[in-house]
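The values are calculated or read from the model by the stated rules, or taken from the named source; none is laboratory data. Since the structure is predicted, the reported quantities are computational estimates derived from the model, not experimental observations. As a convention, Cβ positions derive from the backbone with ideal geometry for all residues, glycine included, and neighbour counts pool all protein chains shown. For the accessible areas, the whole protein counts, side chains as well, though only heavy atoms, and no ligand, DNA or RNA atoms are used. Shrake-Rupley method; radii C 1.70, N 1.55, O 1.52, S 1.80 Å.
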Amino acid sequence: MLTRRHVIASALAAPAVLHLGTGTAHAATTLKISHQFPGGTIDKGDFRDRLCRIFAAEVAKRSGGEIAAEVYPNASLIKTNAQFSAMRRGALDISLYPMPYAGGELPETNIGMMPGLVATYDQGLRWKKAPVGKALTDFLADKGIILLTWVWQAGGVASRSRPIVAPDDAKGLKVRGGSREMDVVLKTAGASVLSMPSNEIYAAMQSGACDAGITSSTSLISFRLAEVAKSLTSGAGASYWFMLEPLMMSKAIFEKLPKKQQDIILEVGGELEAFGRKGAQDDDIEVAKVYEKAGAKVSTLDVATVSKWRDIARDTAWKDYSAKSAMSANLLKLASDVPA
């Protein structure tokens, strides 16, 4: 099991893994890891960036330098929405990527942000070993993607004006929801919807093009939305918005590696799931402190309010998703069987 002390020791022992061309001359394999989130260091900053850096350091250590990796934050290597298709083609090795961002290409991936479907971190993480996890993993592998680390994140709402707590609060506002299915729910509630990756919400809210953005607690912090928001709805206690943001790898690249290296990559990826969960839950608590300090009004969700969102989702978004394909209908059925 990876510990913070173990991780930092690994990073110090293998500093070249984050910078190609410095000490990696003997590395047999060099991997590029891309994501859209702000960059930091191995022990400071957005936990998703840190997870990628820990992964790079640990696989380098365990492989004896046979695997090296470089992390590209801020979509600096490949634009956010292009990363999934790049992995499928073998043009990108690894990405920590919000699953529903791939929904335009593979509608089935929208199961990773189905409003009201996942209610707790425990429930989301149970997917991996449940039938829905096998079905989703097999589906993605068939499409050229290997799941390395299952990461779930609860979300909340940053708003330029009034808080969005209950569905009625969204009426008349321009809201970024984060997935096609969340947009269906928002439209039913009377909102106008905007589609954009989370790293573009700040500019849209700053300009007034977007009134409110729904995104993970970590993104609510890392993308500094408190600077352009007057209110926050926190998902720390209860949430209808849970997104699957796994560390993914190109199957084409993975299958070119020796089995020993494949095993190391899968082993490290699995061990990092505890780190991902802790990072997400820590930010669920931290986000309210950040927004209160910035002078924003902070509201919370309760089970009764979450149920209102879930009821709308079940009657609209769930039906819309199920109608996309037989695989979509099967994934939703299997996911619905996973207990909270």
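Side notes on the structure shown:
- Residue check for residue 153: touching a strand residue (DSSP E or B) at 6+ places or on another chain (Cβ under 7 Å) and at pLDDT 95 or above: yes
- Residue 44 being open to solvent by 10 Å² or more (accessible area, probe 1.4 Å), over 22 Å from residue 248 (Cβ atoms), out of contact with any helix residue (DSSP H, G or I) (no Cβ under 7 Å at 6 or more places or on another chain) and modelled with pLDDT of 95 or more: yes
- Restricting the range 62-85 to residues that are in a strand (DSSP E or B) and among the small types (Gly, Ala, Ser), the residue that is farthest from residue 180 (Cα to Cα) is 68.
- Residues within the range 59-85 that are open to solvent by 10 Å² or more (accessible area, probe 1.4 Å), more than 27 Å from residue 102 (Cα to Cα) and of a type in the set (Val, Ile, Thr), tallied: 0
- Top-ranked residue of the range 201-226 - restricted to ones that are open to solvent by 10 Å² or more (accessible area, probe 1.4 Å) and in contact (Cβ under 8 Å) with a residue 40 or more places away in the chain, ranked as nearest to residue 318 (Cα to Cα): 211
- Filtered residues of the range 110-158 (kept if assigned to a strand (DSSP E or B) and under 27 Å from residue 211 (Cβ atoms)): 152, 153, 154, 155, 156, 157, 158
- Single residue of 252, 189, 166 found to be in contact (Cβ under 8 Å) with a residue 24 or more places away in the chain, open to solvent by 10 Å² or more (accessible area, probe 1.4 Å), closer than 26 Å to residue 89 by Cα and over 21 Å from the mean Cα position of the chain (by Cα): 252
- Restricting attention to the range 86-99 and to residues that are surrounded by fewer than 24 Cβ atoms within 10 Å (Cβ to Cβ) and not in a loop (DSSP other than H, G, I, E, B), the residue that is farthest from the chain's Cα centre (by Cα) turns out to be 89.
- Criterion (β-branched (Val, Ile, Thr), modelled with pLDDT of 95 or more and touching a Leu at 6+ places or on another chain (Cβ under 7 Å)) met by exactly one of 175, 185: 175
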